[in-house]
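Worksheet: the structure to be examined is printed underneath.
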Amino acid sequence: MNVMVIGGGGREHAIVKALKKSSEIDKLYCLPGNGGIAEDAICVSVDAKDIPGMVAFAKENNIDFAVVAPDDPLVLGAVDALTEAGVPCFGPDKKAAIIEGSKVFSKNLMKKYGIPTAAYETFSDIDSACKYIDTLTAPVVVKADGLALGKGVIIAQSLEEAKEAIREMMADRKFGDSGLNVVIEEFLTGPEVSVLAFTDGNVVKPMVSSMDHKRAHDGDEGLNTGGMGTIAPNPYYTEEIAQRCMDEIFLPTIAAMNAEGRPFKGCLYFGLMITPNGPKVIEYNCRFGDPETQVVLPLLESDLFTIMRAVSEEKLSETEVKFSAGAACCVVMASEGYPLSYKKGFEISRDENMDAEIYIAGAKLSDGKLLTNGGRVLGVVATADTLSEAVKKSYNNVAKVHFENAYFRKDIGKRAMEA
Ligand code: AMP
Ligand code: GLY
């Protein structure tokens, strides 16, 4: 079969590498992919948001199956357009992708169906939002309704800061239309857990849990980033918590989406916080997480392509989803200065004796050389029997990857090992 993956980051590299193991795939394409993915799939320069472009490519190249990985094309309706063109897909349609595309929608969904989440109010005008803020005590969480490249969440330490965030979103339109509506919510505390789950709208099969490290610097200091590293499994996600999440969050969410006439098929990402009052949903994503995917898929023992097709055909209940008992660690190597300004165009080299995977996020090929081309450049991923071995092995291999201006956190997995 001919398969195309939409997207071009570290997550897509991990998906491509996992799909490559399937004997059923003849030709594997990635649109647009990147300089590193080009080692594992045929990269085609069609932008991940260019829906007519991907439909045309699929038709011209007899694509039998498409995996739409990033949030933008899902929310814009890529799956709808491809399905319409006769290409079966892994990923939710536009109606279901709204669970990530609109935080107002997802918060109202949780309220309506009694799914535990932070208390909140939604607003579409500045004055009412600011009046409401005056009734609260800091810290206050302000969220833009729509997609904002992961930057639309502000944890305001004072009421003035919260109002400033509201003005930036609603008056200055910092996030464009994404900030026309806002959610103001209660600040929760507790360890965070990411759970990616396969669902075909009928059953839900969670993957191994993971922990992201979102801040730029060690000790969870510095600016929020797209993610500086991950580990799996997450030690805070005990069997007891997992059972509660299944009963109180996962199954109710699938049922709620069905009841709303928006059945979700694909990978549903639950961003959870284990609060003193039990697990609560911080956010839903309608897709695989990045860099969670980079630690989850290497632990998947079942065939990813078989699972993806089963999801698409609503046969997930008959399909095995098995993970190894081991652990994985991903250390992201970024360009110094990320997430603000940074230089790029430096050659990436690696020693011969690596015993870890490299998933390339931001690099391009130029005259046969791999050059840095983004803030997050790559992830070094090691698996082992235990978390501490996986962490050690990742860092040993980080030392074998070289490019000028490289920056990485030294404490990925530390908090998990202390748990
Ligand atoms: P997001 O970009 O939606 O993943 O949110 C970024 C981060 O903000 C989350 O990973 C949490 O650490 C934090 N966050 C979001 N909502 C809340 C909340 N209600 N209480 C505390 N922290 C939050
Ligand atoms: N790692 C968080 C996300 O993918 O949104």
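Computed values, structure above
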read-out: Any hit, the range 239-251, residues being touching a residue at least 40 places away in the same chain (Cβ under 8 Å), touching a helix residue (DSSP H, G or I) at 6+ places or on another chain (Cβ under 6 Å) and either aliphatic (A, V, I, L, M) or away from ligand 1 (no atom under 11 Å from the Cβ) (or both); value: no
read-out: Residue identified as buried (at least 18 other Cβ atoms within 10 Å of the Cβ) and in a loop (DSSP other than H, G, I, E, B) among G379, G374, G345; value: G374
read-out: Tally, over the range 249-296, of residues that are closer than 15 Å to A96 by Cα, part of a loop (DSSP other than H, G, I, E, B) and more than 12 Å from ligand 2 (Cβ to nearest atom); value: 6
read-out: One residue from P291, P339 being within 16 Å of ligand 1 (Cβ to nearest atom), within 21 Å of K151 (Cβ to Cβ) and modelled with pLDDT under 95; value: P339
read-out: Scan of the range 322-342 for residues that are hydroxyl-bearing (S, T, Y) and surrounded by fewer than 23 Cβ atoms within 10 Å (Cβ to Cβ), ordered by number; value: S324, Y338, S341, Y342
read-out: Candidate set: the range 206-228, residues that are among the small types (G, A, S) and closer than 16 Å to L196 by Cα; chosen: the one farthest from ligand 2 (Cβ to nearest atom); value: S209
read-out: Close pairs from the range 186-205: first in contact (Cβ under 8 Å) with a residue 24 or more places away in the chain and within 16 Å of ligand 2 (Cβ to nearest atom), partner part of a strand (DSSP E or B) and of a type in the set (S, T, N, Q), Cβ under 8 Å, at least 6 apart; value: V193/S210; S194/S210; S194/T230; V195/S210; L196/S210
read-out: Restricting the range 125-139 to residues that are hydroxyl-bearing (S, T, Y) and under 21 Å from S106 (Cβ atoms), the residue that is nearest to ligand 1 (Cβ to nearest atom); value: Y132
read-out: Of all residues making up the range 107-152, the number that are touching a residue at least 40 places away in the same chain (Cβ under 8 Å), in a helix (DSSP H, G or I) and under 21 Å from R287 (Cα atoms); value: 3
read-out: Flag for P139 being of a type outside the set (S, T, N, Q) and within 16 Å of ligand 2 (Cβ to nearest atom); value: no
read-out: Residue in the range 294-306 that is surrounded by fewer than 21 Cβ atoms within 10 Å (Cβ to Cβ), of a type in the set (S, T, N, Q) and either touching a Phe, Trp or Tyr at 6+ places or on another chain (Cβ under 6 Å) or within 19 Å of P233 (Cβ to Cβ) (or both) present; value: yes
read-out: Residue match in the range 258-271 (condition: within 14 Å of ligand 1 (Cβ to nearest atom), surrounded by fewer than 22 Cβ atoms within 10 Å (Cβ to Cβ) and either more than 20 Å from S394 (Cβ to Cβ) or at pLDDT below 95 (or both)); value: yes
read-out: Test: residue in the range 326-342 that is among the β-branched types (V, I, T) and either away from ligand 2 (no atom under 16 Å from the Cβ) or out of contact with any Leu (no Cβ under 9 Å at 6 or more places or on another chain) (or both); value: yes
read-out: Matching entry among V153, V195, V142, V182 (being crowded, with 22+ Cβ neighbours inside 10 Å and within 10 Å of ligand 1 (Cβ to nearest atom)); value: V142
read-out: Qualifying positions in the range 212-240 - of a type in the set (A, V, I, L, M) and surrounded by 19 or more Cβ atoms within 10 Å (Cβ to Cβ); value: A216, M228, I231, A232
read-out: Matching entry among A416, A334 (being under 24 Å from the mean Cα position of the chain (by Cα), closer than 17 Å to G227 by Cα and in a strand (DSSP E or B)); value: A334
read-out: Inter-residue pairs, beta-carbon under 9 Å, first in contact (Cβ under 8 Å) with a residue 24 or more places away in the chain and away from ligand 1 (no atom under 16 Å from the Cβ) and in the range 3-22, second assigned to a loop (DSSP other than H, G, I, E, B) and among the hydroxyl-bearing types (S, T, Y), 6+ apart; value: V3/S22
read-out: Boolean, P235 is away from ligand 2 (no atom under 16 Å from the Cβ) and touching a Gly at 6+ places or on another chain (Cβ under 8 Å); value: no
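The values are calculated or read from the model by the stated rules, or taken from the named source; none is laboratory data. Treat the numbers as computed from the prediction; the structure is a model and nothing was measured. We place every Cβ from the backbone using ideal geometry, glycine too, and count neighbours over all the protein chains shown.
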